[in-house]
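Enquirer: Quick one: the structure is below, and I'll ask about it shortly.
The values are calculated or read from the model by the stated rules, or taken from the named source; none is laboratory data. The shown structure was predicted, so the numbers you read here are calculated from the model rather than taken from an experiment. All Cβ positions, glycine included, derive from the backbone under ideal geometry; neighbour counts span all protein chains shown. Please note that ligands, DNA and RNA were not included when accessible areas were found on the heavy atoms of the full protein model with its side chains. Shrake-Rupley method; radii C 1.70, N 1.55, O 1.52, S 1.80 Å.
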Amino acid sequence: MVMPFDNFTGSDTLEYLVAGIHAALISNIQKVSELKVKCKTTATAYKDSEKSIPEIASELGVNVIVEGSVLSVGDSINLQLGLVSTYDEEQLWIKEYHVEISRILNLYNEITKEIAKEIDVALTPQEEILLAESTTVDRKAYEAYLKGRHYYDQLSKESLEKAEENFNIAIEI
């Protein structure tokens, strides 16, 4: 389970960025057949929850939880992640990443590989190839895409119009 990330950007207007990174990491982890991860909707239901890790784990039937926070600095983001055992709340792994937004897709691959390694999941040769891909993105296009996803998830007529507008900006770029 990848818990919703804390927004340490200093701006509520960047919540789309934090939510987008959270959703993208969940999607990336799902590329590994041996890693079972709860969907974004389920994870988001626990945002700001006062439940303990063992309570959440019991409700969802998960063995480990990924916790994280996002800080945005100019054209870069700082992502701090921790892998927590749901049995004893022991911190199994913690790491901080600093990356330019243009390289963020590569970061998701790196994190996915490190999580798999930490919990002793062997990647298939196909997964190794998939997670070795190197891609860069245009910051403005990626931000427009994330804003589009953020608005899309709100499911109102106004938000869907904003989503379409941002998706079109991303496509144009």
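Enquirer: Residue separation times 0.36 nm, minus the C-alpha to C-alpha distance between Val73 and Ser33: what's the value? Walk me through the numbers on the way to the answer.
Expert: Values: separation 40, 0.36 × 40 = 14.40 nm, distance 3.37 nm.
Extra length available between Val73 and Ser33 comes to 11.0 nm.
Enquirer: Quick one: length gained pulling Arg139 to Glu161 fully straight, 0.36 nm per residue minus the C-alpha distance? Write down the numbers at each step before the final one.
Expert: Details: separation 22, 0.36 × 22 = 7.92 nm, distance 2.18 nm.
Gain on stretching Arg139 to Glu161: 5.7 nm.
Enquirer: Using the Karplus curve 6.51 cos²θ - 1.76 cosθ + 1.60 with θ = phi - 60°, work out ³J(HN,Hα) for each residue of region 167-173 in order, rounded to whole Hz, and write x for Gly and Pro.
Expert: Per-residue couplings from phi come out as 4, 5, 4, 4, 5, 4, 5 Hz.
Enquirer: Per residue, what accessible area does the chain have, given a 1.4 Å probe and all protein chains present, in Å²? List each step's numbers first, then the result.
Expert: Details: 9630 Å² over 173 residues.
Per-residue value: 56 Å².
Enquirer: If you compute Rg/Rh (Cα atoms, Kirkwood Rh) for the structure shown, which of (1) 1.14; (2) 1.34; (3) 0.96 do you land on?
Expert: Looking at Rg/Rh (Cα atoms, Kirkwood Rh) for this model, the match is (3).
Enquirer: Using a Gaussian network for the chain with springs between C-alpha atoms less than 10 Å apart, which of these wobbles most: Leu155, Leu81, Leu146?
Expert: Per the Cα network of the chain with a 10 Å cutoff, Leu155 tops the list.
Enquirer: How large is the helix-only mean residue ellipticity at 222 nm for the chain, computed as the sum of -39500 (n - 2.57) over DSSP H runs with n ≥ 4, divided by its residue count, in deg cm²/dmol to the nearest 500? Write down the numbers at each step before the final one.
Expert: Working: 7 runs with 81 residues, N = 173.
Computed mean residue ellipticity for the chain: -14500 deg cm²/dmol.
Enquirer: Using 11 Å as the cut-off for backbone N distance, which residues of region 16-31 belong to the label zone defined by a point 7 Å from the Cα of Arg103 along Cα→Cβ?
Expert: none
Enquirer: What is the percent carbon and sulfur in the accessible area of region 30-173, measuring with a 1.4 Å probe over the protein chains and ignoring ligands?
Expert: Numbers: 4200 of 8660 Å².
Carbon with sulfur: 48 percent of the solvent-accessible area.
Enquirer: Between Gly82, Gly74, Gly148, find the one with the highest GNM mean-square fluctuation for the chain; connect C-alpha pairs within less than 10 Å.
Expert: Evaluated over the chain, the most mobile residue of the options is Gly74.
Enquirer: Pull up all non-local amide H partners of Tyr97: gap of 5 or more, or a different chain, and H-to-H distance under 5 Å with H placed in the peptide plane.
Expert: Leu79, Gln80, Leu81
Enquirer: When the Kirkwood hydrodynamic radius is evaluated over all pairs of different C-alpha atoms of region 106-147, what value in angstrom, to one decimal, is obtained? Mind showing how you got there, number by number?
Expert: On the way: mean 1/r = 0.0852 Å⁻¹.
About 11.7 Å, per the Kirkwood formula over Cα pairs.
Enquirer: Same structure again: Of Lys51/Lys95; Lys95/Lys162; Lys40/Lys117; Lys51/Lys117; Lys36/Lys157; Lys51/Lys162, which pairs sit farther than 26 Å apart, going by alpha carbon to alpha carbon?
Expert: Values: Lys51/Lys95 24 Å; Lys95/Lys162 35 Å; Lys40/Lys117 23 Å; Lys51/Lys117 28 Å; Lys36/Lys157 33 Å; Lys51/Lys162 34 Å.
Violating the 26 Å Cα-Cα cut-off are Lys95/Lys162; Lys51/Lys117; Lys36/Lys157; Lys51/Lys162.
Enquirer: Shifting gears a bit: On a C-alpha basis, how far is the centre of region 64-92 from the centre of region 119-173 in Å? Whole number, if you could?
Expert: Between the Cα centre of region 64-92 and that of region 119-173, the gap is 20 Å.
Enquirer: Please go through region 82-173 and write out the chymotrypsin sites (Phe, Trp or Tyr not before Pro) that DSSP classes as loop and that have at most 11 other C-beta atoms within 10 Å. It would help to have the intermediate numbers written out before the result.
Expert: Working: sites: Tyr87, Trp93, Tyr97, Tyr108, Tyr142, Tyr145, Tyr151, Tyr152, Phe167; in loops: Tyr87.
Sparse-neighbourhood loop chymotrypsin sites (Phe, Trp or Tyr not before Pro): Tyr87.
Enquirer: Here is a follow-up. If we count trypsin sites (Lys or Arg not before Pro) as exposed when they sit in a DSSP loop and have at most 14 other beta carbons within 10 Å, what is the longest stretch of the chain that avoids them all?
Expert: Working: sites that count: Lys36, Lys47, Lys51.
Longest gap between qualifying sites, sites excluded: 52-173.
Enquirer: Kirkwood hydrodynamic radius of region 29-105 from all distinct Cα pairs, in Å?
Expert: Numbers: mean 1/r = 0.0712 Å⁻¹.
14.1 Å is the Kirkwood radius here.
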